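The values are calculated or read from the model by the stated rules, or taken from the named source; none is laboratory data. Treat the numbers as computed from the prediction; the structure is a model and nothing was measured. With ideal geometry, Cβ positions are generated from the backbone for all residues, glycine too; neighbour counts draw on all protein chains shown. Just the protein is used for accessible areas: all its heavy atoms, side chains included, with ligands, DNA and RNA removed. Shrake-Rupley method; radii C 1.70, N 1.55, O 1.52, S 1.80 Å.
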Amino acid sequence: MPPPFTLVRLRESGDAFAHACRIAPESGAGTLVYVGRFDLAEFAVVLEPAEPLRSARRAFYAGMVALTDALRAYAPPSKPITIGWPDAVRIDGGLVGGGRMGWPSDADEDAPPPWLVFAAMIRTVAMSDDDPGVHPLASALDQEGFGEVGAVQITESFARHLMLALDRWRVDGFDSLARDYLTRMPRERQTMQRIDDRGDVLTRRIGTDRVERSDLVQALATPSWLDPSLGGPRL
């Protein structure tokens, strides 16, 4: 791991997100929990933002930019990697995983939270015995031409790119990071989008004054890509 991170490794049956949320109050910023699995890259990082919770949740977008940049670093040339708002990651249209975020349930919206946790899962190997056509909306890195790239490489790449994303936010402001995130989303024509200071996405159709708000807190309550029964990305 890059120097700012402290690695905590769990056995295959571990849950990186739950464990990171559990130890966050004592472990502090930069703790990176990693689960040693063959079929998934599963990890979670503890953050300690200095701004109120209502705006600090925008760190989720930094995590998603870092996650997709980590995949782009190993992707075959011209392989499309996109984000389904706010949390799903698709490669060439196939769902491979996504990100999620946790914070203390009693945290004050108007005060800096003691911690945030950004976590991710990426399916590295397709473990199903079914034919590929049985799950046409799902994929894995090994099916998308990533070769022998596995959990270790993706986790290390994510850590490096998260440092870059957070530094970019600090130096250039959040809007630069937000614009980058929005370019990774499929979008209807004739619309304009921006991310406000609460992390909500505001969409306006060109030629009208109507603005549609997509609520980040509501969307993060249930990860769109996660199948709890599988303990991993949906098929």
(request) Would you be able to say whether some residue in region 29-44 is within 29 Å of Ala140 (Cα to Cα), in contact (Cβ under 8 Å) with a residue 60 or more places away in the chain, hydroxyl-bearing (Ser, Thr, Tyr) and open to solvent by less than 10 Å² (accessible area, probe 1.4 Å)? (result) no
(message) Let me confirm something: among Asp110, Asp130, which residue is at pLDDT 95 or above, out of contact with any strand residue (DSSP E or B) (no Cβ under 7 Å at 6 or more places or on another chain) and of a type in the set (Asp, Glu)?
(response) Asp110
(message) Restricting to region 113-127, give me the number of residues that are modelled with pLDDT under 95 and either among the small types (Gly, Ala, Ser) or assigned to a strand (DSSP E or B) (or both).
(response) 1
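Looking at Asp175, Asp180, can you tell me which residue is without any contact (Cβ under 8 Å) to a residue 40 or more places away in the chain and assigned to a helix (DSSP H, G or I)?
Details: Asp180 fails: without any contact (Cβ under 8 Å) to a residue 40 or more places away in the chain.
Of Asp175, Asp180, the one residue that is without any contact (Cβ under 8 Å) to a residue 40 or more places away in the chain and assigned to a helix (DSSP H, G or I) is Asp175.
Can you find, within region 144-172, the residue that is least open to solvent (accessible area, probe 1.4 Å) among those that are aromatic (Phe, Trp, Tyr) and assigned to a helix (DSSP H, G or I)? Show your work before the answer.
Step one: of region 144-172, the residues aromatic (Phe, Trp, Tyr) are 146, 158, 169.
Now drop any that are not assigned to a helix (DSSP H, G or I), which leaves 158, 169.
Details: Phe158: 1, Trp169: 40 Å².
The extreme case among them is Phe158.
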(message) Can you report the number of residues in region 19-57 which are over 23 Å from Leu177 (Cβ atoms) and part of a loop (DSSP other than H, G, I, E, B)?
(response) 5
(request) Could you pull out the residue among Phe43, Phe38, Phe60, Phe17 that is among the aromatic types (Phe, Trp, Tyr) and modelled with pLDDT under 95? (result) Phe38
(message) Any residue that is of a type in the set (Asp, Glu), within 18 Å of Gly199 (Cβ to Cβ) and either open to solvent by 10 Å² or more (accessible area, probe 1.4 Å) or free of Cβ contacts under 8 Å to residues at least 60 places away in the same chain (or both) - is there at least one of those in region 121-141?
(response) no
(request) Pairs only if they're at least six apart or on different chains, beta carbon under 9 angstrom, first in region 221-235 and farther than 26 Å from Asp200 by Cβ, second open to solvent by less than 90 Å² (accessible area, probe 1.4 Å) and not in a strand (DSSP E or B); list them, first residue then second. (result) Gly231/Asp15; Gly232/Arg37; Gly232/Asp39; Leu235/Ser128; Leu235/Asp130; Leu235/Val134; Leu235/His135
(request) Kindly check whether there is at least one residue in region 10-23 that is loosely packed, with under 14 Cβ neighbours inside 10 Å, in contact with an Asp or Glu (Cβ under 9 Å, 6 or more places away or on another chain) and either aromatic (Phe, Trp, Tyr) or farther than 20 Å from Gly199 by Cβ (or both). (result) no
(message) Tell me whether region 194-202 contains one or more residues that are part of a loop (DSSP other than H, G, I, E, B), open to solvent by less than 50 Å² (accessible area, probe 1.4 Å) and within 22 Å of Leu95 (Cα to Cα).
(response) no
(message) Any residue at all in region 85-99 that's under 12 Å from the mean Cα position of the chain (by Cα), surrounded by fewer than 22 Cβ atoms within 10 Å (Cβ to Cβ) and closer than 21 Å to Asp197 by Cβ?
(response) yes
(request) Find all pairs meeting these conditions: Cβ atoms under 6 angstrom apart; at least six residues apart or on different chains; first residue within region 74-103 and within 19 Å of Thr155 (Cβ to Cβ) and modelled with pLDDT of 95 or more; second residue open to solvent by less than 10 Å² (accessible area, probe 1.4 Å) and of a type in the set (Ser, Thr, Tyr). (result) Ile81/Thr68; Ile91/Ser139; Val96/Ser139
(request) Could you run through region 69-84 and say how many residues are buried (at least 20 other Cβ atoms within 10 Å of the Cβ) and farther than 15 Å from Leu40 by Cα? (result) 1
